[in-house]
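First the structure, in the form of structure tokens, and then the observations on it.
Any read-out appearing in this document is the output of simple, stated calculations on the displayed coordinates, not a laboratory observation. Remember, it's a predicted structure, so these values are computed and weren't measured experimentally. Using ideal geometry, Cβ is built from the backbone for each residue, glycine included, and neighbour counts are taken over all protein chains shown.
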Amino acid sequence: MFPTFLPSEAQKLTESTSIDLARSIQRAEAIVPLSRKDEGRKDEAETEKSQKTVATAYVRQGEGGTPILLLHGFDSSVLEFRRLLPLLAAENETYAMDLLGFGFTDRTAGTPFDPPTIKTHLYSFWKTLINRPVTLVAASMGGAAAIDFTLSHPDAVEKLVLIDSAGFAKEPISGNFLFPPLDYLAAQFLRNSRVRVQVSFKAYQDKSLVTEDANICASLHLKMPGWIQATRAFAKSGGYGFVAQTAIAKIDKPTLILWGDADGILGTTHARSFEETIPDSQLIWIENCGHIPHLEQPQITAQHILKFI
């Protein structure tokens, strides 16, 4: 049985890793302040009014070891880790979560879907469910979110793994130019099935992996209530364009950089930039692989992560 909050299209999944992960998705309540100006208030009643409880989608598998927390990329979900998570969970307690505004996490009306609130929501999830230093494993846009989180909450992160990470690269959508109705049209463009298939072909080096099951995994969350509104809000916020080399250079955690040697989304130059900028880092190339090593080469990706931990 699939969770009742998943769209009915989940029934069309055919690959065992997709089905198993989809069936294991849960939701937990995480508190998100609606106004960051209110965070310092000591009046309990006022603080209560300025918070929302967000039903947060996540998967937890495995026991023991340093907990691992997986963060997905732009316009994605926990299903992105359907092949990697079980491999990591064989040796470590492993979580994957849907960031605020993404995946199957509730998009509550009135919530700011911007990086500062995403970070607050991520901290609330970590504090509520894990509350121990984690190895933070983040892919693409999730890498920029992980960098922002690590710099703000260093006690929550023991080690950092960046997989074909954003940070040096521009955001996939520039919020500076998204005014109505252009923001709505941009969201509809992202929703187009042909566009999403084209992106998948660009993301994979092995085009045979762009299956119907993969397409369902990549688009299932589009059926969730509030997807267009949250996507528009995130894009108009400017996304993670504020993450710059000066911020990346402040990372003081041991960092593993995994990068597909045939990344057709971000290219390969940023891999070296991360290695040169983060003081305690190592770069490992994943051969014959595109932008998503955790889907295209999950065994090798897992081996490198577990060895690093």
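For labels at Gln11 and Asp280 in the simple 7 Å Cα→Cβ model, what's the distance in nm?
Rounded to a tenth, the inter-label distance reads 5.1 nm.
Scan around Leu71 for amide H atoms under 5 Å from its own, H built in the peptide plane at 1.01 Å from N, and keep only partners 5 or more places away or cross-chain.
Result for Leu71 returns Val137, Ala138, Ala139.
Expected output is a single nm value to one decimal: the length gained when fully extending between His153 and Gln303, i.e. 0.36 nm times separation in residues minus the C-alpha distance. What is it?
Values: separation 150, 0.36 × 150 = 54.00 nm, distance 2.70 nm.
Extra length from His153 to Gln303 when fully extended: 51.3 nm.
Taking the Cβ of Glu158 as the centre, find all other residues whose Cβ is under 10 Å away and add up their charges (Lys, Arg: +1; Asp, Glu: -1). Each step should come with its number before you reach the end.
Details: positive: Arg132, Lys159, Lys253; negative: Asp155.
Around Glu158, the charge tally is +2.
Through the Karplus equation 6.51 cos²θ - 1.76 cosθ + 1.60, θ set to phi - 60°, convert the phi angles of the range 261-275 into ³J(HN,Hα) values in whole Hz; use x for Gly and Pro.
Computed from phi, the couplings for the range 261-275 are 6, 10, 4, x, 9, 9, x, 10, 5, 5, 4, 5, 4, 4, 4 Hz.
Quick one: of Lys159/Lys207; Lys52/Lys127; Lys127/Lys159; Lys202/Lys236; Lys119/Lys236, which pairs are farther than 21 Å apart, Cα to Cα? Mind dumping the intermediate values first?
On the way: Lys159/Lys207 32 Å; Lys52/Lys127 16 Å; Lys127/Lys159 17 Å; Lys202/Lys236 25 Å; Lys119/Lys236 17 Å.
In this structure, Lys159/Lys207; Lys202/Lys236 lie more than 21 Å apart at Cα.
For the range 8-308, what does the relative contact order come out to in percent, with C-alpha contacts under 8 Å and a separation of six or more? Let's see the in-between values first.
Numbers: 605 pairs, mean separation 57.8, N = 301.
19 percent.
Using θ = phi - 60° and the Karplus relation 6.51 cos²θ - 1.76 cosθ + 1.60, list the HN-Hα couplings for the range 23-28 in order, rounded to whole Hz, with x at every Gly or Pro.
Values per residue, Gly and Pro as x: 5, 8, 5, 10, 10, 10 Hz.
At 0.36 nm per residue, minus the direct Cα-Cα distance, what do Val195 and Ser273 gain on full extension? Give it in nm, one decimal, please.
Values: separation 78, 0.36 × 78 = 28.08 nm, distance 2.94 nm.
Computed gain between Val195 and Ser273 is 25.1 nm.
Which value results for Rg/Rh of the chain when Rg is the Cα radius of gyration and Rh the Kirkwood radius based on the inverse mean 1/r? Present the calculation step by step, with values, prior to reporting the outcome.
Numbers: Rg = 18.2 Å, Rh = 19.4 Å.
When Rh is taken as the Kirkwood radius, the ratio is 0.94.
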